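None of the figures in this text is laboratory data; all of them are computed from the coordinates on show. As the structure is a computational prediction, the values presented were derived from the model and not from experiment. Cβ sites come from the backbone with ideal geometry, for glycine too, and all protein chains shown count toward neighbours.
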Amino acid sequence: MNRQHALIPGLLSVLVLAALGVAVAARAAPVRAAAGRVVYAAPDGSGGMCTAKDPCSVVEAQSTARRLTGKRDAPVVVQLAGGTYRLSASLKFTDGDSGSTGNPVTWRAAPGARPVLSGAVQVTGWKQVDAAKGVWQAKVPTGLDTRQVYVDGQEAPIAQTTPAEQKVTFAAAPGGYATTPATWAASLQAQIGAAAMHGVEFVYTGGNGPWTQSRCRIDTLSGSTTTMQQPCWNNVTSRPTFSQASGGLPSMSPGTAPSLIENAYPLLHPGQWYLDRQNDVLDYIPTPGQQMSGLDVEVPRLASLITGAGTLAHPVHDITFTGIQMSYATWLDPSTDAGFADVQDNLTLTGSDPARPQGTCTFGTPPGTCPFGALTREPGNMSWSAAHHITFDGDTFSHLGAAGLVFDYGSQHNTVEDSTFADIAGNAIILGNTNDPHPGDVGAGNAEINAYNTVQNNVIHNIGTDYPSAAGITMFFTQHTTIAHNELYDLPYTGITAGVIQGHVDNAAHPDNTTNINSDNTISDNLIHGFMQVLHDGGAIYVEGHQGQTLTARDGSVDRAASIAHGLTVSGNVAYDQGNVNFTWYDDAGSEWINWTGNVEWDGGSLGQGGCESTGHLDYTGNYSSDPIAQWACSPPAPVDTTISSNATLPTHPGAADLPLSALAAVGPTPRSSSQDTSQSPAISYAQRPAAGAAAAVKVLIAGRGFTDAATVSFGGTRAAAVAALSPGFLLANAPAGAALSTVTVTTAAGTATASTLTGTVNP
């Protein structure tokens, strides 16, 4: 079930909101189609008939559903009983698995059940092998490889240390490093062997720009020189320069010390793991209080849980997934000699030809592969291409080692809604690709374009756990895409991005070096908070490159109104609790044809809106900001044709009286049906004490998550006179005269949170 559904369910809520001066709009619940033929599956199912009394395996259920889809008289439903379905291979969907318009094939959870599609093996049979160090060990299947291990549902870090802890320093040497002491690497290799040394990985937070975290592994040792694996090392330290650059791919300086050293048995600390691939054993040191016999240790072995692959002529289509959890998958590419040469938003350089660098086209020195910006995109643990009318509704994507969900080129009319994305190593959702800015069949069916896709009412948090340059939602080349009413929080980098890297050789002086088909996309009413928590130089919404086409009137002049109307619309979004932002609303390299309207941001501490070497054709009107706007400090020439008007200035730490409460009430996931999960404990991330103090009754704005219409609020132990939940993320509470406003407590049926109100930003 989803968390966004118990707010404002009845008349009492409406009356309380009205009493506090907040407008409320009624929303109707959608009508659900009745099920037709049902195929039953269970985790231990082995029957051949796939009936309720004799359920089959999930693989047999797919085969049975495929046979039934040939009869179009009624919808086909695959109903999954609760429990864990341990997949030995990815579930692959093609046109043969498709439903039809009005008769989709629906994969759904049984009523009240929680089915989990898992790509992991559960590791048991633990024995202590090193009492002094506290290491426990268990056998794993032969040949198992992974980059993630989960203990009781939480990702455990791999064995790791820092250069300071190792008391080692690094200096540049050909192809890698000379270390001091000179014997450090050799000593480590003597303990673990040359084969295991090949797996030792160096992590570089900020190495290729403060928005990146690259990773490369050791190759060989020769005397005191540690040589790193290629092509990763050159792709990190020897990147090409651009002509007409409006954004670069910075090279890391040779000799830069890693921020972390990972993946060797001697580096184990409590709570960390190490996979000995030579002996097929997993090592783990429990944290204080953990008992190995009671731990659920899950080791992902699949890199993909679900793939959907049609063709442009015969797309995979009309399939719905609802109420299903998809968990435990890995991604092994960063363990190869290409490593993880981070560029931005988890795009990487993987090309191995230094004479022709990847994706730099004719703008690089030396020239590279084309088209420009065609870098390697992170794969999805659930991925779809040439897919139409695929729906994920009320699902959970968690404990994943790559991106959660990808809809690649040729995917149209797909919907992701009411779902949760959490504990994901990379991005949550990716739409589009990097290598098709101008599909060859534009004007002849447009079948390759990603178009008419919708991402709405989802909750995205705790992503980028291993690869923190991840954005919550990424759009590459798309048309008619809607990103609306999502909540994103606990993010290491940017919330939502459109066109990352696409504009790196465009600005107002040369606006059309890299064009694309982007148009008619909308990012609206999203709630973004607790972002930019690890890396730097990003924002709540980050945009690059052409976001629309320059349309002309009959007389040949630019039709500005039409061009803006068919560009990117960014409206009604709210951002606060901002980390290392440069600009909350970020018009970066080559950005053009964007309309920003009705957005609200505060608590940024940097810049509210602007960018670096934007092209222009930007409207920024009717927004609310506590931070400076229209900032183009690094933009010679300045963006052209830019309108900045009718924007309101907020205090640095605004209260209820300062903010447009109707915008706060409308932002984030919207109530839909009875599927809301109200079990999440509340958390407070912002509570501003009003200037009026405690002398008189005052209205206090509280921001956070997990709020319900039945929440109670108290100030210093004194209960609020009236409470209204504007949305799952905002409460209004009337503090009575004389209440001690230094602390606020929110209580729901799921728990209690208390925070200080002395400053604008507080911790739960």
**Study point:** Amide hydrogen neighbours beyond the local backbone of residue 320, cut-off 5 Å, H modeled
**Key:** 105, 106, 107, 391
Practice item. Using Cα positions and a limit of under 19 Å, work out the aspartates and glutamates in reach of residue 127, with same-chain residues fewer than 8 apart set aside. Key: 152, 276, 280, 283, 296, 298
Revision key, fill the gap. Projected onto the charge dipole of the chain (unit charges on the beta-carbon of Lys, Arg, Asp and Glu, signs +1, +1, -1, -1), the Cα from 271, 163, 241 with the largest positive-side position is that of 271
Point to revise | region 294-323 residues near the modelled residue 59 label - backbone nitrogen below 17 Å, point 7 Å along Cα→Cβ | key: 301-307
Practice item. Let me have the relative contact order for region 267-370, percent, based on Cα pairs under 8 Å that are six or more residues apart. Key: 13
Exercise for review: Name the shape class, rounded, prolate or oblate, that the alpha-carbon gyration tensor gives for region 163-312, where a ≥ b ≥ c are the square roots of its eigenvalues, rounded holds for a/c under 1.5, and otherwise prolate holds if a/b is larger than b/c and oblate otherwise.
Suggested key: oblate
Exercise for review: Find the relative contact order for region 161-267 and round it to a whole percent, using C-alpha pairs within less than 8 Å whose residues are 6+ positions apart.
Suggested key: 37
Revision key, fill the gap. Calc'd 3J(HN,Hα), region 731-738, phi into Karplus 6.51 cos²θ - 1.76 cosθ + 1.60 (θ = phi - 60°), Hz, glycine/Pro = x, comes to 10, 10, 9, 8, 7, x, 4, x
Study note, to complete from the structure: The answer for residue 260, listing residues at least 5 apart or on another chain whose modeled amide H is closer than 5 Å to its amide H, is 203, 205
Review point. Each label point is 7 Å from the Cα along the Cα-to-Cβ direction; what then is the distance between the points at residue 51 and residue 277, in nm?
Key: 4.8
Exercise for review: Find the eigenvalues of the gyration tensor of the Cα atoms of region 425-649, then list the square roots of 5 times those eigenvalues as equivalent ellipsoid semi-axes, largest first, in whole angstrom.
Suggested key: 25, 21, 16
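With each run of n ≥ 4 DSSP H residues scored as -39500 (n - 2.57), what mean residue ellipticity at 222 nm is computed for the chain after dividing by its residue count and rounding to the nearest 500 deg cm²/dmol? Each step should come with its number before you reach the end.
Values: 8 runs with 55 residues, N = 764.
Theoretical 222 nm ellipticity from helices: -2000 deg cm²/dmol.
At a temperature of 4 °C and a viscosity of 1.567 mPa s, determine how fast the chain diffuses translationally according to Stokes-Einstein, using the Kirkwood radius over alpha-carbon pairs as Rh; express D in µm²/s, rounded to the nearest whole number. Before the final figure, lay out the partial values.
Details: Rh = 27.4 Å.
For these conditions, the coefficient is 47 µm²/s.
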Revision key, fill the gap. antiparallel share of DSSP beta bridges within the chain, to nearest 5, in %, is 40
Practice item. Return the whole-Å distance between the Cα centroid of region 594-658 and the Cα centroid of region 296-362. Key: 35
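For residue 555 and residue 644, compute 0.36 nm times the residue count separating them, minus their Cα-Cα distance, and round to one decimal in nm. Kindly include the intermediate steps, with their values, before the conclusion.
Numbers: separation 89, 0.36 × 89 = 32.04 nm, distance 2.75 nm.
Full-extension gain reported as 29.3 nm.
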Exercise for review: Find the centroid of the Cα atoms in region 377-393 and in region 474-537, then give the distance between the two in whole Å.
Suggested key: 19
Practice item. Name the residues whose placed amide hydrogens come within less than 5 Å of the amide hydrogen of residue 37, ignoring near sequence neighbours (fewer than 5 apart) on the same chain. Key: 77
Revision key, fill the gap. Karplus-derived 3J(HN,Hα) from phi for region 344-349 (6.51 cos²θ - 1.76 cosθ + 1.60, θ = phi - 60°), whole Hz, x at Gly and Pro, runs 4, 6, 6, 6, 10, 8
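For region 90-243, give me the percentage of DSSP beta bridges that are antiparallel, rounded to the nearest 5 percent. Could the numbers behind the result be given before it?
Numbers: 24 of 25 bridges.
Taking every DSSP beta bridge with both residues in region 90-243, the antiparallel ones total about 95 percent.
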**Study point:** Hz values of 3J(HN,Hα) by residue in region 534-543 - Karplus curve (6.51, -1.76, 1.60), Gly and Pro given as x
**Key:** 10, 9, 10, 6, x, x, 5, 10, 10, 10
Check your understanding: Taking 0.36 nm per residue of separation and subtracting the Cα-Cα distance, what length does fully extending residue 293 through residue 657 add?
Key -> 125.6 nm
**Study point:** Förster-model FRET efficiency, 60 Å R0, residue 128 and residue 230, C-beta, rounded to 0.05
**Key:** 0.90
Practice item. Would you kindly work out the equivalent ellipsoid of region 423-485 from its C-alpha gyration tensor and give its semi-axes, the square roots of five times the eigenvalues, largest first in whole Å? Key: 27, 14, 6
Review point. How long is the gain from residue 145 to residue 187 if the chain were fully straight, where each residue apart is worth 0.36 nm and the alpha carbon distance is subtracted?
Key: 12.6 nm
Review point. So if R0 is 30 Å, what FRET efficiency would residue 565 and residue 510 give, r being the distance between their Cβ atoms, rounded to the nearest 0.05?
Key: 0.75
**Study point:** Value of relative contact order over the chain, rounded to a whole percent, pairs C-alpha under 8 Å and six or more apart
**Key:** 10
